[in-house]
Amino acid sequence: MKKLFFFITSFLFSYQFSNAQTEKGTQNLGLDLGYSYNGSTGTNINPNGNLATTLNVETTSFNIGPTYSYFIANNISIGGSLYWSGSNTTDNTGDIATTNDAYPTTAKVTNYNAQLFADKYFMHKNKIGFRVEAYMGYGVEKQVNTYSTSYVNYDFNGTDNYYFGGIYLDLVYYPTKKLGLSAKLASLAYEHYSNNNTSQGHNIGDTLNFSSISDGLSLSVFYVFGRK
């Protein structure tokens with residue numbers, strides 16, 4: 001919530017200097033960047049013997065990718081994007097063998113996807129406002145999970161193929177005629193995946209996830225051109 005307030009306040013403060021370009025015929029060529037970090041600590045009590053384990057898990061992730069869009073009408077654009085993302089999770093829980101539980105000590109994920117989207121802009125005097133985006137795409141995810149020496153047989157490499165779609169809500173700001181910025185405020189995402197890994201076989205499933213700016217920072221910067 002504090003991050004959301006910071007972005008809205010900053011953008012509104014800079015409003016008087018902005019010149020947005022969301023008219024028909026405008027094109028945007030941009031770069032999306034994202035980063036998130038999640039850390040958790042605590043104590044896990046195993047009811048089997050009342051064994052206590054100190055939990056210490058950290059996850060960092062990063063994504064980057066180019067995006068292009070074309071305004072087919074005022075405040076309405078269509079486009080496509082490519083993404084690369086990576087995440088790394090480290091679990092320093094400790095001697096997990098004493099709890100008869102198995103946790104990967106490291107989990108690395110690399111993701112590639114492509115998507116198509118359609119955007120609707122709601123602008124204040126065509127300068128600052130919100131963007132609602134509907135999107136769909138296809139991706140491939142590579143996974144490498146490594147366990148402690150007590151569970152070395154659990155180590156595996158896996159591959160996910162997935163289809164996805166959903167809705168984004170972004171805050172949009174144009175500091176100049178040729179430069180635009182956006183910050184992702186919230187998203188609702190659906191994914192259908194098919195997983196194949198070396199030790200756990202083949203799995204098929206579906207997920208539905210809601211996230212907000214408090215879950216991680218995702219920014220876009222784009223160059224505006226093509227308007228007569």
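The values are calculated or read from the model by the stated rules, or taken from the named source; none is laboratory data. Because the structure is predicted, anything quoted here is derived from the model rather than measured. Because the Cβ atoms are built from the backbone with ideal geometry, glycine has one as well, and the counts that use them run over all protein chains shown.
Miscellaneous remarks
- Unmet criterion (only one of (1) within 22 Å of E191 (Cβ to Cβ); (2) modelled with pLDDT of 85 or more; (3) over 15 Å from the mean Cα position of the chain (by Cα)) for F71: (1)
- Flag: G25 does not match the condition of being in a strand (DSSP E or B) and either hydrophobic (A, V, I, L, M, F, W, C) or modelled with pLDDT of 85 or more (or both).
- Residue tally, condition touching a helix residue (DSSP H, G or I) at 6+ places or on another chain (Cβ under 9 Å) and in a strand (DSSP E or B), over segment 108-139: 2
- Looking only at residues of segment 168-220 that are aliphatic (A, V, I, L, M) and exposed (fewer than 15 other Cβ atoms within 10 Å of the Cβ), we find that the one that is farthest from I128 (Cα to Cα) is I204.
- Among the conditions (1) among the hydrophobic types (A, V, I, L, M, F, W, C); (2) over 25 Å from T207 (Cβ atoms); (3) crowded, with 16+ Cβ neighbours inside 10 Å; (4) modelled with pLDDT of 75 or more, the only one that F164 does not satisfy is (2).
- Tallying residues that are among the hydrophobic types (A, V, I, L, M, F, W, C) and either modelled with pLDDT under 85 or surrounded by 19 or more Cβ atoms within 10 Å (Cβ to Cβ) (or both) within segment 129-150 yields 1.
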